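A short worksheet on the structure shown next.
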2 protein chains.
Amino acid sequence: MSNKLVPFFEPRSVAIIGASAVPGKPGHEVIRNIQENGYIGKIYPVNPKGGRIREIDVWSSIASLPREIDVAVIILPAAATAQALRECADQGIRHFVLSSGGFAEVDEAGAEIQRELVRIIQERGLHALGPNTSGHTSTPQGFTSTFFPQGKIRRGRVSYVAQTGNFGTHTLKYILTGEHFGVARVVGLGNKIDVDETDALEYLGTDPETAAILIYIESFKRPRRFLEVAREVTRRKPVVLLKSGATEAGRQAAIAHTAAMASPDRIVDGMLRQAGVVRIADYTQLILAGKALSMLPLPRGNGVSFLAPSGAMLAVLSDYCERLGLHIPPMEPENVRRLQAISPSYIRMRNPVDIWPAALSSGVEAAYREGMEIVLQDPAVDAVVPVMMLTRETGVPDPGFIAELAGKYPAKPILVTFSGAKECMDEYKAALEPRGIPTFQEIEQPFAVLSIMERCRRAMNRPG
Amino acid sequence: MSNKLVPFFEPRSVAIIGASAVPGKPGHEVIRNIQENGYIGKIYPVNPKGGRIREIDVWSSIASLPREIDVAVIILPAAATAQALRECADQGIRHFVLSSGGFAEVDEAGAEIQRELVRIIQERGLHALGPNTSGHTSTPQGFTSTFFPQGKIRRGRVSYVAQTGNFGTHTLKYILTGEHFGVARVVGLGNKIDVDETDALEYLGTDPETAAILIYIESFKRPRRFLEVAREVTRRKPVVLLKSGATEAGRQAAIAHTAAMASPDRIVDGMLRQAGVVRIADYTQLILAGKALSMLPLPRGNGVSFLAPSGAMLAVLSDYCERLGLHIPPMEPENVRRLQAISPSYIRMRNPVDIWPAALSSGVEAAYREGMEIVLQDPAVDAVVPVMMLTRETGVPDPGFIAELAGKYPAKPILVTFSGAKECMDEYKAALEPRGIPTFQEIEQPFAVLSIMERCRRAMNRPG
């Protein structure tokens with residue numbers, strides 16, 4: 001792979017320009033993060049004071065560094081960054097993470113420094129992420145350049161590209177503390193003087209560690225090239241994108257944020273669709289879709305079955321599916337007959353499945369287990385959502401039976417949601433998600449996610 | 001108040017026909033529920049075996065009961081219900097909760113029994129909730145007729161009416177275990193042979209305990225009268241309604257559930273809007289809107305301010321607000337100046353508020369506290385959403401400062417959401433919600449709820 005991002009994601013060695021012995025300082029925390037993520041490459045802290053930082057010998061100057069360092073993370077005041085960049089280039093370093101802020105996002109003086117960085121990069125043939133980036137992460141290499149005290153970052157199958165510092169810091173913190181899925185690569189684009197979303201998409205598109213790509217963007221640096229690359233990548237793996245500035249209020253806020261002119265939204269929308277990119281509207285969906293795409297294959301079709309302990313939920317969720325374009329197919333007569341056999345005769349079983357009478361007569365676990373197995377076996381059903389009734393009073397089955405079914409029918413995604421006591425939901429989440437079965441607190445969420453997955457599937461299989 | 005529901009919600013005495021000494025049986029659990037909710041009226045268990053149940057003397061027959069019992073809860077097989085109803089009527093009981101299933105929702109034999117119940121009710125001038133109801137609850141009286149082992153039901157300011165057994169059982173269980181708000185009245189309508197959504201709306205419309213009414217419905221029994229009542233009630237308090245059957249798939253599921261023909265949806269939609277009823281589309285919004293309406297006054301206008309630690313979130317949420325019809329007003333120059341004063345000069349402060357630079361320079365608590373106070377003081381701002389950045393690493397302020405601000409500006413709802421570590425979010429929820437400040441796990445939710453509140457406000461203030 002000749003993509004310029006390869007050394008960023010697979011660095012054999014890294015220099016930290018502006019390393020600090022003081023815990024809490026960015027130049028210290030970045031080293032702690034690298035160590036805690038189990039990086040096996042070599043780390044070169046640079047600080048004029050020398051000594052040792054976190055048990056690593058410190059180099060007193062850039063000029064004293066050995067040759068053949070893959071990446072340098074520069075954590076210096078904006079004004080000192082250009083000089084450091086030049087000195088590193090003199091030492092043969094070609095890839096840089098420019099972590100500091102204080103550039104074009106701040107004022108004209110910062111913009112002038114940023115232009116200087118651009119000149120150096122172009123003259124010397126360097127590559128840089130940032131400036132003003134929250135860094136990047138590559139869990140297969142146990143590497144990260146973030147200085148946000150993230151700790152060990154869980155490895156997973158999805159990768160994120162974000163034109164915001166929040167993703168790699170606070171949002172990732174939420175994923176690590178509130179969810180059970182992990183990430184392959186994370187890139188905070190920052191001010192994009194060099195590496196941009198198109199470079200990232202190109203790298204991730206052929207990255208075997210990345211099963212799906214999720215992007216947050218405010219403006220495209222090279223829209224035409226982005227679409228070209230996207231057209232290819234989206235045939236191989238899902239590309240889900242949130243772009244702000246869809247409305248005038250959002251456009252104003254995006255301009256205030258990155259000072260980049262947002263493109264007219266309707267045009268963007270059509271072009272993204274044509275390129276197979278699945279555009280979403282909510283920030284939270286970046287997390288929920290990431291969870292599902294990290295754990296599940298795409299369903300093979302648009303046929304959904306769900307089981308709920310309430311006719312009302314069946315009705316409301318049927319409405320919801322139809323609005324989302326999800327199909328609730330009728331099942332084969334034999335499977336309808338089998339569903340009928342597990343249920344009291346008074347209820348006419350169909351898809352979606354009212355599991356309440358069966359749960360009353362045969363117990364919660366038996367009803368859900370048999371009901372789910374029947375719908376999983378139906379050829380018209382591509383994905384299954386059990387709305388688990390979970391209260392101590394009605395009996396909480398061991399969630400293992402869902403994991404068994406997921407193992408037995410690996411091509412048909414199972415997305416779990418709930419009705420009942422909060423602590424039981426939390427138990428299910430903690431038990432199922434580490435085994436690769438996503439759960440969702442709210443009954444609408446699995447369907448919102450399935451509709452994103454269905455759009456990804458259609459994009460991958462589109463003609464032309 | 002002459003509404004026929006008064007004795008249901010304010011019963012001075014209750015008979016349990018089909019009381020059971022066996023824990024777990026509905027005829028036992030209903031008594032446990034009543035006791036655990038602190039009911040101070042008299043309880044008359046009826047069971048031919050006599051003896052004592054849960055330390056209450058059992059009456060061996062309906063005929064032996066004293067006169068002047070307000071309500072009887074009949075928990076007998078469907079086939080025995082009609083006879084019990086007659087005997088109770090002979091004893092002067094006029095109000096009934098018919099808890100058993102096995103009527104029209106089951107088969108033609110059940111439908112025939114149900115018709116018999118209707119005849120008895122009409123001939124004897126009785127009133128009945130159900131059959132096939134999960135019961136009703138009246139927390140100001142510490143009373144409930146549900147046999148689902150709910151335990152103590154938290155008292156609150158919102159009331160729910162639901163044409164589904166799930167609400168009063170599993171959904172209420174979620175509210176009691178996963179949320180901190182409570183309810184005033186809850187009604188499970190069941191098969192609606194007598195008490196229907198219109199009766200409930202009429203009662204709740206003048207009920208001083210009920211600040212807002214939330215309804216789940218599949219079909220209207222008396223649509224014209226419902227709209228008449230709604231037109232009145234919606235000028236006094238919010239009425240939020242979820243009706244399934246909005247799509248063909250939902251209509252099919254609703255028919256399978258209650259066998260009632262759903263009305264053409266577009267007509268329903270327009271008529272509800274004209275009557276000031278705020279229709280929602282998601283089941284989860286019944287919970288989220290209930291939380292906000294139980295804790296907060298309606299905002300006085302459509303002006304929203306929010307503070308987020310990320311320009312990306314500001315942009316995405318601005319898009320979201322515009323889609324929802326929420327206005328993000330510019331602030332008074334003096335307040336913009338004050339915001340600027342708490343922030344590094346490089347960022348041009350505006351509404352919505354990028355609080356990140358201020359948090360970096362002054363600390364998280366000071367930045368949010370001062371930023372929130374400034375926007376709360378702006379006359380164009382009617383509600384405020386802080387997206388709290390919460391990670392141990394950046395410092396988690398004591399949430400008390402938000403409660404202080406809420407107390408100082410009681411007319412301006414504050415809805416809290418988060419970016420950061422899950423355990424910090426949980427701490428905030430546990431600290432703030434019991435003090436009347438709703439929190440929301442997902443950053444979009446406060447705005448979805450504010451848009452429902454804004455529709456309620458407009459409905460209350462509509463001309464005509």
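The values are calculated or read from the model by the stated rules, or taken from the named source; none is laboratory data. Keep in mind that what you see is a predicted model, and the values were worked out from it rather than measured. Quick reminder, even Gly has a Cβ in these numbers, built from the backbone with ideal geometry, and neighbours come from all protein chains shown. What goes into the accessible areas is simple: the full protein's heavy atoms, side chains included, and nothing from ligands, DNA or RNA. Shrake-Rupley method; radii C 1.70, N 1.55, O 1.52, S 1.80 Å.
Okay, here's what the table says:
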read-out	value
Only listed residue being modelled with pLDDT of 95 or more and touching a Pro at 6+ places or on another chain (Cβ under 7 Å), chosen from A:Ala230, A:Ala212	A:Ala212
Flag if B:Phe306 is more than 30 Å from B:Pro352 (Cα to Cα), of a type outside the set (Gly, Ala, Ser) and buried (at least 22 other Cβ atoms within 10 Å of the Cβ)	no
Qualifying residue in the range A:65-85 (condition: more than 22 Å from A:Glu123 (Cβ to Cβ) and exposed (fewer than 15 other Cβ atoms within 10 Å of the Cβ))	yes
Selection within the range A:325-376 - under 36 Å from the mean Cα position of the chain (by Cα) and among the small types (Gly, Ala, Ser)	A:Gly325, A:Ala366, A:Ala367, A:Gly371
From A:Val316, A:Val336, A:Val268, A:Val304, residue being under 19 Å from A:Arg462 (Cβ atoms) and of a type in the set (A, V, I, L, M, F, W, C)	A:Val268
Selection count where residues are more than 7 Å from chain A (Cβ to nearest Cβ) and under 19 Å from A:Thr169 (Cα atoms), scope the range B:305-352	3
Residue that is surrounded by the most Cβ atoms within 10 Å (Cβ to Cβ) [pool: residues in the range B:129-156 that are at positive phi and in contact with a strand residue (DSSP E or B) (Cβ under 8 Å, 6 or more places away or on another chain)]	B:Gly130
Members of the range B:431-447 that are within 14 Å of chain A (Cβ to nearest Cβ), part of a helix (DSSP H, G or I) and surrounded by 21 or more Cβ atoms within 10 Å (Cβ to Cβ)	B:Gln445, B:Pro446, B:Phe447
Any hit, the range A:286-300, residues being within 14 Å of chain B (Cβ to nearest Cβ) and open to solvent by 10 Å² or more (accessible area, probe 1.4 Å)	yes
So A:Ser318, is it open to solvent by less than 20 Å² (accessible area, probe 1.4 Å), of a type in the set (Ser, Thr, Tyr) and part of a helix (DSSP H, G or I)	yes
Some residue of the range B:215-226 being under 9 Å from B:Val161 (Cβ atoms) and more than 14 Å from every other protein chain (Cβ to nearest Cβ)	no
Selection count, the range A:21-39, where residues are open to solvent by 20 Å² or more (accessible area, probe 1.4 Å) and either out of contact with any Lys or Arg (no Cβ under 9 Å at 6 or more places or on another chain) or of a type outside the set (A, V, I, L, M) (or both)	10
Any pair with Cβ under 6 angstrom, 6 or more apart, that starts in the range A:236-255 at a residue that is without any contact (Cβ under 8 Å) to a residue 60 or more places away in the chain and open to solvent by less than 10 Å² (accessible area, probe 1.4 Å) and ends at one that is in a strand (DSSP E or B) and hydrophobic (A, V, I, L, M, F, W, C)	A:Leu241/A:Ile215; A:Leu242/A:Ile280; A:Lys243/A:Ile217
